[in-house]
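Data first, discussion second: the structure below is written as structure tokens.
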Amino acid sequence: MSLLIENLHASLEDGTPILKGVNLEIPAGEVHAIMGPNGSGKSTLSKVIAGHEAYKVTAGSVTMDGVDVLELDIDQRSRAGLFLAFQYPAEVPGVSNANFIRAALQARLPKGEELDAVAYYKNLYAKMDLLEINRKFTARSVNEGFSGGEKKRNEILQLMMLEPTYVILDETDSGLDIDALKIVAKGVNAMRSAHRGFLLITHYQRLLDYIAPDHVHVMAAGQIVRSGGADLALELEENGYDFLKELAPA
Amino acid sequence: MSLELLPDTLDTDTVEAVNIDRSIGDFTFPERNKFDAGRGLTEKTIDYISDVKNDPQWVREFRHRALKVFRDKPMPTNWATHDLDNIDFDQIRYYLSDGEKPKRSWDDVPADVLETFERLGIPQQERAFLAGVEAQFDSEAAYSNVKEELTKQGVIFVNSSEGLKEHEEIFRPWFGKVIPTGDNKFSALNSAVFSGGSFIYIPKGLKLKQPLQAYFRINSESFGQFERTLIIADEGAELMYMEGCTAPKFETATLHSAVVELVALKGAKIQYVTVQNWSSNVFNLVTKRGLAMEDAEVRWIDCNIGSRLTMKYPGVIMKGRRARGEVISIALANTGQHQDTGAKMIHAADETTSNVVSKSISVGTGRATYRGQVFIPKHLKGCKNNTECDALLINNKSRTDTYPAITVKGNQHATQHEASVSQVSREMLFYMMQRGISEGAAMSLAVNGFINDLVREFPMEYSVELKRLIDLEMEGSVG
């Protein structure tokens with residue numbers, strides 16, 4: 001059981017190639033991290049897997065537990081178990097957090113079945129308390145006027161409520177102070193299980209102090225150029241990405 | 001997927017009052033005389049109407065003078081849409097009683113109308129009336145309890161003919177004063193052929209807890225073409241009045257031209273709520289205006305979803321010191337529709353305040369227009385106006401226009417005008433869909449979110465139906 005990316009090529013609408021043959025497997029139960037310089041295609045990878053229309057897949061495949069993900073619409077991929085914690089979460093004015101998450105959960109139920117409101121709120125408050133999100137946020141419009149830290153914690157709240165199978169966290173640590181980072185890590189770690197796979201996209205080693213990865217990969221110029229264990233991240237922190245110049249594909 | 005958005009507060013008093021038992025209703029047709037003024041509008045038509053209604057002489061003369069004014073005024077197509085030229089005044093029936101109204105068979109009712117009834121949970125008995133399969137809906141039984149209560153408290157709640165005949169001393173002084181016959185071509189038309197509508201008087205100091213509903217006065221004339229409403233709230237009185245319904249109402253009559261006059265005397269408050277969902281063949285041209293005296297308030301809460309063309313600019317003349325006027329407006333224009341709405345705020349006393357919040361949604365090739373007039377003259381002091389008009393374009397062929405006309409003279413006033421046009425952004429849609437919400441449901445959420453703070457202003461019964469109705473309208477729009 002895994003999220004399997006094979007030889008994935010993708011480009012922008014104007015044809016500019018961004019992903020140039022990505023190969024990556026994230027088995028359920030494992031946490032993988034991707035690091036790499038700006039422009040390497042890390043965020044693009046997450047958006048392509050999620051199905052963003054601005055990108056066109058030109059070759060390769062993505063399967064989730066054997067299911068061809070690229071054949072599915074954005075919302076179908078989500079309901080099939082894929083979750084993306086956004087780097088820049090969108091605001092949805094006029095729609096409360098409570099109603100938004102409720103709609104997302106309701107979308108997963110068979111037609112005609114209604115979400116139990118009492119159980120829902122009980123669950124929601126429990127997760128909000130764990131993430132130290134003030135209960136008043138249920139009535140706030142999704143991400144509207146939220147600080148960076150509040151937005152990222154809101155992403156983790158949705159992660160905890162939706163219980164996906166494969167989770168991609170796109171630079172979830174960017175813009176967070178240590179305290180916010182610890183809370184985000186707490187939420188992610190609470191969701192770790194033998195049935196769930198994580199892909200953390202990050203610039204900084206710091207996040208990995210709190211969420212220990214099983215494997216670390218380095219991405220450059222649209223490809224995974226090196227893979228290793230957790231200590232690879234420490235190596236990058238010390239030496240930077242210079243070594244990639246030697247590895248850059250022709 | 002229907003998304004039941006939970007209300008934040010539940011005013012149990014209001015809910016009980018509006019939950020009249022809609023299953024009560026006897027659908028046999030009582031004996032009624034059949035009246036038909038025929039097609040076209042002449043002096044004979046006026047006399048026919050006055051004869052049938054047994055109008056007092058002064059009303060008959062009022063109508064005749066209005067007919068002359070109507071004929072003299074040109075169509076306002078120098079600023080309004082030329083679609084108005086498609087109205088054939090000679091083909092219209094200006095007065096038709098219950099029995100004469102053409103009925104449809106169920107076979108002729110469009111499938112989407114039937115689906116809307118289903119989705120909005122309209123009781124079976126009402127569907128026949130709304131769909132035009134039956135010419136009337138008898139709500140007398142449901143209404144009679146309410147009427148008794150109100151009469152005990154000194155409230156007058158009758159239709160226009162009865163009001164002018166039986167309560168002349170109350171209504172005549174204000175009749176045609178807030179909206180003079182010559183205000184525009186269609187107020188003149190209404191003044192000539194008006195029928196039905198509500199005439200309401202609330203005595204001093206009485207603050208009604210329950211909203212009054214046009215529904216209580218349902219007969220064919222209440223949903224009629226040329227309703228005339230006059231509401232007078234005496235000093236310190238308060239009421240909310242609701243008209244219209246979210247369910248689509250089939251009409252053979254293509255022209256609706258209503259006039260609504262509100263008078264809020266010192267310290268009084270009138271809130272007038274309308275949800276309009278006429279069928280797509282209707283020209284809905286309405287003149288609505290309120291007069292607010294010292295410390296009084298007139299509030300228009302208006303939602304326009306139906307009709308082929310709606311032209312409506314609810315207005316408030318703030319005539320007394322510290323008077324307040326407000327217009328809250330939601331419009332949804334789908335393919336084949338033009339919602340041309342706005343507000344008129346006329347400041348005529350010191351320290352008066354006006355507020356306009358208008359949100360429109362254009363879907364398919366629909367067109368929404370905002371026209372807002374604000375006038376504050378030089379000699380006044382301390383007046384404030386705030387206007388916000390936001391437009392949402394759903395498809396790239398939808399259209400929106402904004403024509404603000406703000407005239408503020410003098411140097412002791414504060415005016416603010418804010419306008420925006422937006423689309424449901426691709427990023428917002430991607431975000432919602434990535435949470436498993438389908439594209440259609442995501443659009444509905446975004447649109448409901450856009451108007452959410454205005455929907456809250458509507459009484460609960462309407463706001464729930466409104467949200468469902470908008471979901472339905474949005475369903476066909478994706479793509």
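Quick look at the numbers
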| item | result |
| --- | --- |
| Average projection area in nm² (convex hull over Cα atoms of the stretch A:104-230, one quarter of hull surface) | 9.7 nm² |
| Cα-Cα P(r), the stretch B:409-479, percent of pairs per 10 Å interval | 17, 38, 26, 11, 7, 1 |
| Largest-first ellipsoid semi-axes for the protein assembly as shown, taking √(5λ) over the Cα gyration tensor eigenvalues, angstrom | 59, 26, 24 |
| Listed residue pairs exceeding 30 Å between alpha carbons, taken from B:53/B:73; B:312/B:384; B:177/B:467; B:44/B:152; B:165/B:288 | B:177/B:467; B:44/B:152 |
| DSSP-defined antiparallel bridges as percent of all bridges, chain A, nearest 5 | 60 percent |
| Reference-scaled alpha-carbon Rg (2.2 N^0.38 Å with N residues) for the stretch B:282-342 | 1.30 |
| Farthest toward positive dipole pole in chain A [+1 Lys/Arg, -1 Asp/Glu at C-beta], among A:61, A:121, A:26 | A:121 |
| Amide H contacts under 5 Å for residue B:386, placed H, 5+ residues apart | B:354, B:355, B:356, B:416 |
| Average projected area [Cα convex hull, the stretch B:365-453], square nanometres | 7.1 nm² |
| Count, lysine Cα pairs under 13 Å in chain A, 8 or more residues apart or across chains | 6 |
| The stretch B:342-381 - convex hull of the alpha-carbon atoms, volume per residue in Å³ | 46 Å³ |
| Other-chain or far-sequence residues with amide H under 5 Å of residue A:169's (modelled H) | A:85, A:199, A:200, A:201 |
| Whole-percent pair-distance distribution, where bins are 5 Å wide, for the alpha carbons of the stretch A:53-120 | 3, 12, 18, 21, 19, 14, 9, 4, 1, 0 |
| Bridge type composition, the protein assembly as shown - antiparallel percent by DSSP, nearest 5 | 20 percent |
| For the stretch A:1-104, convex hull of alpha carbons as volume per residue, Å³ | 127 Å³ |
| Viscosity 1.567 mPa s, temperature 4 °C, Stokes-Einstein D of chain A from Kirkwood C-alpha radius, µm²/s | 69 µm²/s |
| Kirkwood-Stokes translational diffusion coefficient of the stretch A:92-144, alpha-carbon pairs, 4 °C, 1.567 mPa s, µm²/s | 111 µm²/s |
| Residues whose placed amide H lies under 5 Å from that of residue B:284, excluding near-sequence neighbours | B:256, B:308, B:309, B:310, B:311 |
| Taking A:224, B:470 and counting other C-beta atoms within 10 Å, the order from fewest to most | A:224, B:470 |
| Whole-Hz couplings from phi, Karplus 6.51/-1.76/1.60, listed for the stretch B:440-448; x for Gly and Pro | x, 5, 5, 4, 4, 4, 5, 5, 4 |
| Per residue convex hull volume, Cα atoms of the stretch A:161-250, in Å³ | 113 Å³ |
| Value at 222 nm in deg cm²/dmol, rounded to 500, when DSSP H runs of n ≥ 4 in chain A each add -39,500 (n - 2.57) | -10000 deg cm²/dmol |
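Any read-out appearing in this document is the output of simple, stated calculations on the displayed coordinates, not a laboratory observation. This is a predicted model, so every value here is computed, not measured. Counting neighbours? That spans all protein chains shown, and the Cβs are built from the backbone with ideal geometry, glycine included.
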